[in-house]
Amino acid sequence: MLNFRSFPHYVLTVCAALFMLAACDSGSSGTDGALSTDMEAPPPSGATHESLEEFFLAWRAFERPPFENGVPDYSEATMRARYAALADWKEALAAVDTSGWSTADRIDYELVRAEMNGLEFEHRVRMPWQRDPGFYKVIYMSRSDVPAHEGPENHAWFDWWALEKPLSAADAAVAAEKIGMIPEFYVQARENLTGNARDLWFGGIRVIREQEGALRAIAAATDHANVQDAAGRALAATESFGDWLEAELPSKDGPSGIGKDNYTWYLRNVHLMPWSWEEEVTIMERELARSWAYLKLTEHNNRNEPPRDDFDSEAEYRREMIRAVDAFMQFLDDGFVSTRPYMRRAMLDHIGSYVADFDERSFFTQINMHDAMPMRPHMFHWIELAMLDNDPHERIIRSSLPLYNIYDGRSEGLATGLEEMMMAAGLMDDGPRAKELIYIMLGQRAARALGGLYMHGNELTMAEASDFAVKWTPRGWMRADGELVVFEQHLYLQQPGYGSSYITGKVEIEDLMRVVARQQGEDFIMQRFMDTFLSSGIIPTSLVRWEMTGDETHYRSIVDAE
């Protein structure tokens, strides 16, 4: 059976909507059948929040391209027609009269508007179906720690991890169908990929080659002949597609970044963040300098402390991780944020694995091998996902999490911000060496974000951005020959703003805390702040700020900046 409890809630919501519009199955977001002609036009816009929700469900159906035989159509002619039709949807949304609506209802409206801006940007600037081979990845073997897939995704994506194992006959049929569309999809991809973005092309080869391993793992993990057959045919098609990409690579010599002006427009109009490209560079440079300076100050303070040895066994690692999770949950429960019983289990399910060999450790594995506590605040990600699964937002538009990674500053910003916030609140007072690791992680995130910014400014290639991240990560823990640095820089090139969102999102939350603390004075209570913040949903922090303070001035300064 499909594991709906661990399935992203927004998939279920949108599937229900698409079922009403005659187009959904439970296997993935990809469904058969082109949208009928009358669905291409927006429905009449109303003047109530209820009509906005109906409009939103129709919009989500329109946002999906037509399908044939389980394959989405990203051909040039179809994309051109859909971009032309988008103007009618934007006009219909603009005609909605929100006067007299509540703040919460108006925020829902702004989320729909941001998604439409996102689709516009996809067609006008990014064009991943044309420029990015990695866009054609289909198989996802594990759940991301954020609400949706990180980076761009095509509409035929398939979450293998969401199926209960061993597969039932019904789920095996779903898997065989979703995997079985890959050969035809890659025939179309060769026709669509006419772009000249060299670094995106290079990174996309790695993504497609990784899918080969995923398909081999799927075939080995089941005894259902239909799944094995589909995986075998998909593997052959994926290998052939990868070979074709490699053969075409020498002819690619164009830039992959979107440019500074486009980057700024995207931040402000899609992700609803208040920065320009130049301002984000300044923030990252400041945080990189602060991370190194405060690391040295913390090391000075700890100069008489004994060094912290790495964990020396799987048993010690698990024991210390469980202890850290329990201490973390106790800290949360002691007036920091309201907790639920399922939160501890969500944390324990994601404690990672012991890695004895130093040369086999990624950057974050290195952190975990030193101390169990510093990464626990970032793993609040899994608590939020458990909240989505167990206590989804009651509003349709907010439970249907934003497209185009619009959530990134709110999701990654909170997880990153909690590291230093909880350290300041006393979580790591018993482990002075743990505080050093917090600044090392901050330095790594600032360094890799600067690399991403310089790539989109077309000032560095992906290889140069990777070298930059390696150079400026403290203690040399970011390996130049590791998979992580390549994965991260390719992701940030695919998804503008993602690399910087960890820190800019953190800065936005810190600033919101400043505003609320000034507004409430001595009545400020941390648990009330956190609970209210979380109750708004995983939406851009600029909108959370509007909802929590009742003041839309900050938000309007973003969207009215140009």
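Measure out, as a whole number of angstrom, how far apart the alpha-carbon centroids of segment 459-474 and segment 315-340 sit.
Measuring centre to centre over Cα atoms gives 35 Å.
What are the equivalent ellipsoid semi-axes of segment 271-344, built from the alpha-carbon gyration tensor (square roots of five times its eigenvalues), in whole angstrom, biggest first?
On the way: eigenvalues 203, 123, 35 Å².
Each semi-axis is the square root of five times an eigenvalue, giving 32, 25, 13 Å.
Taking the alpha-carbon centroid of each part, what is the distance from segment 86-115 to segment 236-300 in angstrom?
Answer, in whole Å: 30.
Step through the table entries K137/K252; K178/K252; K471/K506; K260/K506; K252/K471; K137/K471, compare each Cα-Cα distance with 25 Å, and write down the pairs that go over it. Write out the running numbers ahead of the final one.
Numbers: K137/K252 20 Å; K178/K252 31 Å; K471/K506 23 Å; K260/K506 22 Å; K252/K471 28 Å; K137/K471 30 Å.
Violating the 25 Å limit, Cα to Cα: K178/K252; K252/K471; K137/K471.
Among 186-197, 501-512, 302-313, how do they line up from the highest to the lowest mean number of other beta-carbon atoms within 10 Å?
Details: 186-197: 17.5, 501-512: 23.1, 302-313: 11.2.
Sorting 186-197, 501-512, 302-313 by mean packing, highest first, produces 501-512, 186-197, 302-313.
What nm distance separates the two modelled labels at S102 and T78, each placed 7 Å from Cα along Cα→Cβ?
Distance between the two pseudo-spin positions: 4.0 nm.
Using Cα centres only, tell me the gap between segment 171-194 and segment 534-562 in whole Å.
One Cα centre to the other: 40 Å.
Could you tell me whether segment 472-521 comes out rounded, prolate or oblate from its Cα gyration tensor? Rule is a ≥ b ≥ c as square roots of the eigenvalues, rounded for a/c under 1.5, then prolate if a/b exceeds b/c, otherwise oblate. Write down the numbers at each step before the final one.
Working: a/c = 6.15, a/b = 2.28, b/c = 2.70.
It is oblate, given that a/c is not under 1.5 and a/b is not larger than b/c.
Could you give the dipole magnitude of segment 32-126 about its Cα centre, charging the beta-carbon of Lys and Arg +1 and that of Asp and Glu -1, in debye to the nearest 20?
Details: 9 positive and 19 negative charges, 70 e Å.
Dipole of segment 32-126, to the nearest 20 debye: 340 debye.
Per DSSP H run of at least 4 residues, take -39500 (n - 2.57); add these up for the chain, divide by its residues and hand me the 222 nm value, nearest 500 deg cm²/dmol. Write out the running numbers ahead of the final one.
Numbers: 25 runs with 344 residues, N = 562.
The helix-only estimate for the chain comes to -19500 deg cm²/dmol at 222 nm.
Would you mind estimating how fast segment 264-557 diffuses translationally, via Stokes-Einstein at 37 °C and 0.692 mPa s with the Kirkwood radius over Cα pairs, in µm²/s?
Details: Rh = 19.9 Å.
Here the translational diffusion coefficient equals 165 µm²/s.
For segment 133-149, just list the computed ³J(HN,Hα) in residue order, Karplus coefficients 6.51, -1.76 and 1.60, θ = phi - 60°, integers in Hz, with x standing in for Gly and Pro.
Result, rounded to whole Hz: x, x, 4, 8, 4, 10, 8, 10, 8, 9, 6, 6, 8, 10, x, 10, 5.
What percent of all Cα-Cα pairs in the chain falls in each 10 Å bin, counting up from 0?
Calculated P(r), rounded to whole percents: 3, 17, 28, 29, 17, 5, 1, 0.
When only Cα pairs under 8 Å and 6 or more residues apart are kept, what is the percent relative contact order across the chain? Don't jump to the answer; show the numbers that get you there.
Values: 832 pairs, mean separation 93.8, N = 562.
It rounds to 17 percent for the chain.
Note down the magnitude of the dipole of the chain about its Cα centre, charges +1 on Lys and Arg C-beta and -1 on Asp and Glu C-beta and zero elsewhere, to the nearest 20 debye.
540
Sort 443-452, 368-377, 260-269 for me by packing, meaning the mean count of neighbouring Cβ atoms within 10 Å per residue, highest on top.
Details: 443-452: 27.1, 368-377: 24.2, 260-269: 19.9.
For the peptides 443-452, 368-377, 260-269, the packing ranking is 443-452, 368-377, 260-269.
First check a/c for segment 407-562, with a ≥ b ≥ c the square roots of the eigenvalues of its C-alpha gyration tensor; if it is under 1.5, answer rounded, and if not, answer prolate when a/b is larger than b/c or oblate otherwise.
Numbers: a/c = 2.86, a/b = 1.40, b/c = 2.05.
Because a/c hits 1.5 or more and a/b fails to exceed b/c, segment 407-562 counts as oblate.
Expressed as a rounded percentage, what relative contact order does segment 408-505 have, with Cα pairs under 8 Å and six or more residues apart? Mind dumping the intermediate values first?
Working: 117 pairs, mean separation 40.1, N = 98.
For segment 408-505, the relative contact order is 41 percent.
What's the ranking of 45-52, 270-277 by average number of surrounding C-beta atoms within 10 Å, highest first?
Packing proxy ranking, top to bottom: 270-277, 45-52.
Every number here is computed from the coordinates shown, using simple stated rules; none is lab data. No experiment lies behind these values; they were computed from the predicted model shown. Every residue, glycine among them, receives a Cβ derived from its backbone with ideal geometry; neighbour counts consider all protein chains shown.
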